[in-house]
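Take a look at the structure set out below.
The values are calculated or read from the model by the stated rules, or taken from the named source; none is laboratory data. Since the structure is predicted, the reported quantities are computational estimates derived from the model, not experimental observations. In this analysis, Cβ positions are derived from the backbone assuming ideal geometry, glycine residues included, and neighbour counts consider all displayed protein chains. To get the accessible areas, we keep the full protein, side chains included, count just its heavy atoms, and leave off ligands, DNA and RNA. Shrake-Rupley method; radii C 1.70, N 1.55, O 1.52, S 1.80 Å.
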Amino acid sequence: MSTNTLDAASLRAELDGSLVLPGDSGWDDARQAWQLAVDQRPDAVVVAATTADVIATVNAARTAGLRVAAQSTGHNAAPLGPLAGTVLLRTTGLTDISVDPTAATVRVGAGALWGDVTAAAAPHGLAGLAGTAADVGVVGYTLGGGLSWLGRAHGLAANHVVSADVVTADGVLRHVDATSEPELFWALRGGGGSFAVVTALEIGLVRVPELHGGTLFFPLDRAAEVLEAWRQWTALVPPEVTSLGRLLRFPPVPEIPEPVRGQSFAVVEVVSLLGQTATDHLLAPLRDLGPVMDTVHPTTPVELETIHMDPPGPAPAVGDGFLLTDLTAEALDTFLSVAGPDADFHLLSTELRHLGGALAPDASTGGAVNGFEARYALFSAALTPDEQTVKATHVVLDRLRDALRPWTAPVSYLNFAERRGGAPFADDATLDRLRRVKDRYDAADVIRGNHPVEPHSR
């Protein structure tokens, strides 16, 4: 549909924020996702400043026969597609953060970023189950599950949601928790953004009295030796330790820090909730391999945001990932045959994350997706400054997925799935239950998630 079906004048008059239409000044900035390689072309963009703006936008879009896609940062924007017939609802103005140290909870607006939440919680000895990057939006990350440095000890971020304030497709503001709208509450925790527009979340925090974290760097040509040692090591570590093995090929660009710029490495990144002595003891087998750099040290929740070396702002990035039921010696050899130092492989980063521990499924602690029937997660990403590079990257990603198919789990992880298709994010019974929730709250499919759950009528 075109913007002619939207009563722009009436909607603009209702908003505390702003309505931006194609051709308006600021249109390109308003529609741009964090992933600069994604070309979002909605019918209109609303930059919400208040919950009332969200309600007005949902009502105006529904009346006009348009859909609504809520977005804070747009870190996983690619699966949304070009957004024709859709109002893009940017929640960037809803940034309130309120920590309750006694209850160990935080209430966050839909536009809040993890870096700001971490900074607010840290003075109280608390932390949320943030991802690796400070500029990721809390809400989108959490609705998709939320895989944290503290995940093996504390589970998915979605499992720690206490309540949510949402606007459903009928324009009604609802407070959702375990006793009020329990099926919608269940769906929101790990089921993605298809069910309602979240305006705020209340999330449980965890206490972190002692943290160690950092990276062991090795030359890329030692990848087979290092990752095999890490693979065996992961079978021995307790849930208080979360780690990943990673291949990094840094381009020679100014945005990359000088110590690693233009170089390639096999690395092990690790975060430990154990004390100094226990952490040093556990790391000894990996340190005995002789890393060229070792940055593991006593750290803070705020410093955890720097370990993974994520880009500090929007980037022309393309990536994708999937879950592995196991990482056998044969699986690792297969991985290295495609992505290792002797392969024709140009991607900036390819990582294997150790799961297990509290990341195993536990229906008593969470919602639609409360853990993974998988032992590892894989994610690859590249900088893609042009369309040709995007296509070439997709070819490489497909080659890696095809090679590892014997060990690929039957379900995916929403936040690592940056393309449509591939494995579903839940089993058939869970997806059917999610569709029943969609039937109840949005049978006309007004609310659009980046990994959609459609009502049974569609």
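Which of the residues that make up the stretch 257-312 are within 30 Å of Asp342 (Cα to Cα) and of a type in the set (Gly, Ala, Ser)?
Of everything in the stretch 257-312, those that are within 30 Å of Asp342 (Cα to Cα) and of a type in the set (Gly, Ala, Ser) turn out to be Gly262, Ser264, Ala266, Ala284, Gly290.
So Gly421 passes all but one of these: (1) within 20 Å of Arg353 (Cβ to Cβ); (2) within 19 Å of the chain's Cα centre (by Cα). Which condition number does it fail?
Only one criterion is unmet by Gly421, namely (1).
Within the stretch 272-314, restricting attention to residues that are free of Cβ contacts under 8 Å to residues at least 40 places away in the same chain and over 23 Å from Glu228 (Cα atoms), which residue is most open to solvent (accessible area, probe 1.4 Å)?
Looking at residues that are free of Cβ contacts under 8 Å to residues at least 40 places away in the same chain and over 23 Å from Glu228 (Cα atoms), I get Thr277.
I'd like the full set of residues that are in a helix (DSSP H, G or I) and more than 24 Å from Asp445 (Cβ to Cβ), limited to the stretch 129-183.
Once the filter is applied, which keeps residues that are in a helix (DSSP H, G or I) and more than 24 Å from Asp445 (Cβ to Cβ), the stretch 129-183 yields Val138, Gly151, Arg152, Ala153, His154, Ala157, Asn159, His160.
Among residues belonging to the stretch 31-67 that are under 28 Å from Glu387 (Cβ atoms), modelled with pLDDT of 95 or more and touching a Ser or Thr at 6+ places or on another chain (Cβ under 7 Å), point out the one that is most open to solvent (accessible area, probe 1.4 Å).
Top of the filtered list is Arg67.
Against the definition (in a loop (DSSP other than H, G, I, E, B) and open to solvent by less than 20 Å² (accessible area, probe 1.4 Å)), how does Ala368 come out, yes or no?
Answer is yes for this residue.
Within the stretch 375-395, can you find the residues that are open to solvent by less than 10 Å² (accessible area, probe 1.4 Å) and either closer than 28 Å to Leu236 by Cβ or outside any loop (DSSP other than H, G, I, E, B) (or both)?
Tyr376, Ala377, Leu378, Ser380, Ala382, Thr393
Filter the stretch 75-117 for residues that are surrounded by 24 or more Cβ atoms within 10 Å (Cβ to Cβ) and hydroxyl-bearing (Ser, Thr, Tyr) and give the result.
Selection gives Thr91 alone.
Hey, among the residues in the stretch 12-22 that are out of contact with any Ser or Thr (no Cβ under 9 Å at 6 or more places or on another chain) and open to solvent by less than 80 Å² (accessible area, probe 1.4 Å), which one's farthest from Thr57 (Cα to Cα)?
Only one residue tops the list, namely Val20.
Pairs, please: C-beta under 9 Å, at least 6 apart or cross-chain, first residue at positive phi and in the stretch 404-431, second open to solvent by 20 Å² or more (accessible area, probe 1.4 Å)?
From residues that are at positive phi, the pairs are Gly422/Arg401.
Would you check if Leu83 is modelled with pLDDT of 95 or more, on the phi > 0 side of the Ramachandran plot and of a type outside the set (Val, Ile, Thr)?
Considered against the rule, which asks whether it is modelled with pLDDT of 95 or more, on the phi > 0 side of the Ramachandran plot and of a type outside the set (Val, Ile, Thr), Leu83 comes out as yes.
Provide a single number: the residues in the stretch 316-332 that are in contact (Cβ under 8 Å) with a residue 24 or more places away in the chain and surrounded by fewer than 19 Cβ atoms within 10 Å (Cβ to Cβ).
Applying the first criterion (in contact (Cβ under 8 Å) with a residue 24 or more places away in the chain) to the stretch 316-332 yields 316-329, 331-332.
Of the ones still in play, those that are also surrounded by fewer than 19 Cβ atoms within 10 Å (Cβ to Cβ) are 316, 325-326, 328-329.
So the count comes out to 5.
Would you check if there is a residue in the stretch 430-452 being over 30 Å from Ile55 (Cβ atoms) and touching an Asp or Glu at 6+ places or on another chain (Cβ under 7 Å)?
Among the residues of the stretch 430-452, not one is over 30 Å from Ile55 (Cβ atoms) and touching an Asp or Glu at 6+ places or on another chain (Cβ under 7 Å), which makes the answer no.
Hey, can you tell me all the residues within the stretch 404-458 that are in a helix (DSSP H, G or I) and among the acidic types (Asp, Glu)?
Applying the first criterion (in a helix (DSSP H, G or I)) to the stretch 404-458 yields 405-407, 414-416, 428-442.
Those that are in a helix (DSSP H, G or I) and among the acidic types (Asp, Glu): Asp428, Asp432, Asp439, Asp442.
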